[in-house]
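Visitor: First the structure, which I've put down as structure tokens, then a few questions once you've had a look.
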Amino acid sequence: MERKELGHKNKDIAEKIKDIEDSILNLLKNYHNRKWEEIKEEYKKVKEDDNKISSELERNLRLNRKKLRMDLIKKIAEDIKNKRKKLEDYVQEYISLEEHKKTTLPIFIDDFDINNLQSANYDLRVGKRVYTTEKEYPIELSTKTHGTMIKIEPGSFGLFLTYEYIFLPQDIYGLISLRFRYKIRGLVNVSGFHIDPGYHGQILFGVYNSGPSEIILEYKRPTFMITFLEIAEGGVKEIYKGESFEEIPPKYIEQLRGPPVSLKEVHDRLEKLETHFKYIVSMLIAIIAGIIVALVT
């Protein structure tokens, strides 16, 4: 009987010990889970803070980059505006001089590049504003939309403003042309061949592709040229007071619009007409010969 009671007591004790162990394990498990959740929450907060900091830094960087770009663009625009204003004032003062023949003024070339100065001429570069007859309107090169190059198809015309802004004094006369590398490929200057004394502005070139293949022109690449000639006895009496160019005038675009016609296309059409004519003549000769034979017999 004592042994049986002892066995029951031992069993009760074992069960209590197990209950205590289970309680301890549950407590530890709950503590671990709670701590893990707390750790996750802390990590989440840290990550959110990091994201906020990163987003703020990125936003600040974007704003700073944009501001720097805008400041730079404004500075360049202001520099150009000031430079052009000085030139305009300079020209107006020059025009107003009653005895300008006694005044000797220098040639002015905006953004002069010593590498473009040759022994007898200055090479002019392609500017931003360009137009070809394949386009509906002028485009601006060196932009995301149009890039830095433009092609002129065979038989097409083009209008190009130079990158340079120039001023010629009363005793200097300018002869303009294309560089030989473009002439040899069939590009022809159709815009005139001289610049009058007193002219100030960009030079507008009209060109025609008379060659058999497309010709590609690139922004700021030396393509045209101007040769300066000195006029004797102090220059001309009346300086140029006509139109100067900083944009491509719509009236010139209207005059050039139309389908391209190249010399090669004209040649091909003439060859076809010649073939058809020979065929028709041969047929007529055969018919007339047949009629004559029929009449004789």
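Visitor: Within region 115-173, count every residue that is hydrophobic (A, V, I, L, M, F, W, C) and in a loop (DSSP other than H, G, I, E, B).
Guide: The total comes to 3.
Visitor: For Glu274, are the conditions met, namely being assigned by TED's automatic domain parsing to the domain that holds Val130, of a type in the set (Asp, Glu) and either at pLDDT 90 or above or farther than 20 Å from Tyr165 by Cβ (or both)?
Guide: It is false that Glu274 is assigned by TED's automatic domain parsing to the domain that holds Val130, of a type in the set (Asp, Glu) and either at pLDDT 90 or above or farther than 20 Å from Tyr165 by Cβ (or both).
Visitor: Is it the case that Leu87 is at pLDDT below 70, surrounded by 11 or more Cβ atoms within 10 Å (Cβ to Cβ), assigned to a loop (DSSP other than H, G, I, E, B) and of a type in the set (A, V, I, L, M, F, W, C)?
Guide: Answer is no for this residue.
Visitor: Looking at Phe245, Phe224, which one is closer than 17 Å to Gly192 by Cβ, at pLDDT below 90 and of a type in the set (A, V, I, L, M, F, W, C)?
Guide: Answer to the selection: Phe245.
Visitor: Next question, about the same structure. Which residue is farthest from the chain's Cα centre (by Cα), if the candidates are limited to region 168-189 and must be hydrophobic (A, V, I, L, M, F, W, C) and modelled with pLDDT under 90?
Guide: Step by step, filter region 168-189, then rank; the result is Ile172.
Visitor: Tell me which residues, restricted to region 195-250, are of a type in the set (D, E, K, R) and not in a strand (DSSP E or B).
Guide: Asp196, Glu214, Lys220, Arg221, Glu233, Lys237, Glu238, Lys241, Glu243, Glu246, Glu247
Visitor: If the Cβ limit is 9 Å and pairs must be 6+ apart or interchain, which residue in region 209-229 that is within 17 Å of Met149 (Cβ to Cβ) and assigned by TED's automatic domain parsing to the domain that holds Asn115 pairs with which residue that is modelled with pLDDT of 95 or more and among the acidic types (Asp, Glu)?
Guide: Correct list of pairs: Pro222/Asp123; Thr223/Asp123; Phe224/Asp123.
Visitor: Which condition does His146 not pass, out of (1) buried (at least 22 other Cβ atoms within 10 Å of the Cβ); (2) modelled with pLDDT under 90, if it passes all the others?
Guide: Failed condition: (1).
The values are calculated or read from the model by the stated rules, or taken from the named source; none is laboratory data. All values reported here derive from a predicted model rather than from experimental measurement. With ideal geometry, Cβ positions are generated from the backbone for all residues, glycine too; neighbour counts draw on all protein chains shown.
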